[in-house]
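The structure appears right after this line, and notes come after that.
Please treat every number below as a calculation from the coordinates, not as lab data. For clarity, every value in this text was computed on a predicted model and none was experimentally measured. Every residue, glycine as well, gets a Cβ built from its backbone with ideal geometry; the counts of neighbours run over all protein chains shown.
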Amino acid sequence: MAATSTSLFLKSPCSPPSQTKPFIHRQYTNALFQSRTSRTKSVNISIIRAQSNVRKEDIVIVGAGIAGLATALSLHRLGVGSLILEQAESLRTSGTSLTLFKNGWRVLDAIGVGNQLRNQFLEIQGMMVKSEDGRVLRSFKFKDEDESQEFRAVERRVLLETFAGQLPPNAVQFSSKLAKIETSTDSETLLELVDGTRTLAKAVMGFDHQ
């Protein structure tokens, strides 16, 4: 089988166009009640006490990768706060570039970082496929196929730092490895970290690093 090579055509970047309910636990004690028949019997009574050492959040996102940060930023744009728990000590910025087509750029525009990223990366205009001996097998421009197409390769590090830079201070809590997750008595979710820190959330979203 003959070997082929692929070339890309690049274009220079253009100018920038309510408070939660307390988590409860129960202790049981015995109390004696006198019945109408004067008999005495034992009854269990629940004593409800709030746990003062539990942090309360509306939304907790587990994982500060691309998906987790993008979700947090989308919620932030809608006026909804969230806390991101990340087990690493900082953003995991290793990795190569991501190739984004027009639908990806529409999402970035919707969360307000599209133009900031466009100014840093070249637009790929087209592609050429050659055989091993240099013969052109196919050559085309993306906008010839679709005038609205937009094709750029974005560095992962820059993408993550751009998302994180748009979030409020302390939105990402690093060195926060999740050890246990449970459902509380009022259907909220209790997250416990390996250091013993506990957080109670109304909603929890988990994202593997991508």
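Condition check for Leu137 on (1) touching a strand residue (DSSP E or B) at 6+ places or on another chain (Cβ under 9 Å); (2) crowded, with 17+ Cβ neighbours inside 10 Å: one failure, at (2). Right, Phe151: of a type outside the set (Gly, Ala, Ser), closer than 30 Å to Asp195 by Cβ and touching an Asp or Glu at 6+ places or on another chain (Cβ under 7 Å) or not? In short, no.
Does Glu147 qualify as being among the acidic types (Asp, Glu) and within 26 Å of the chain's Cα centre (by Cα)?
On the way: among the acidic types (Asp, Glu): yes; within 26 Å of the chain's Cα centre (by Cα): no.
No: the conditions fail for Glu147.
Suppose we keep only residues that are touching a helix residue (DSSP H, G or I) at 6+ places or on another chain (Cβ under 8 Å) and among the small types (Gly, Ala, Ser) within region 82-109. Which one would you say is surrounded by the most Cβ atoms within 10 Å (Cβ to Cβ)? Top of the filtered list is Ser82.
In the set (1) under 22 Å from Gly68 (Cα atoms); (2) over 16 Å from the mean Cα position of the chain (by Cα); (3) among the hydrophobic types (A, V, I, L, M, F, W, C), the condition left unmet by Phe140 is number (1).
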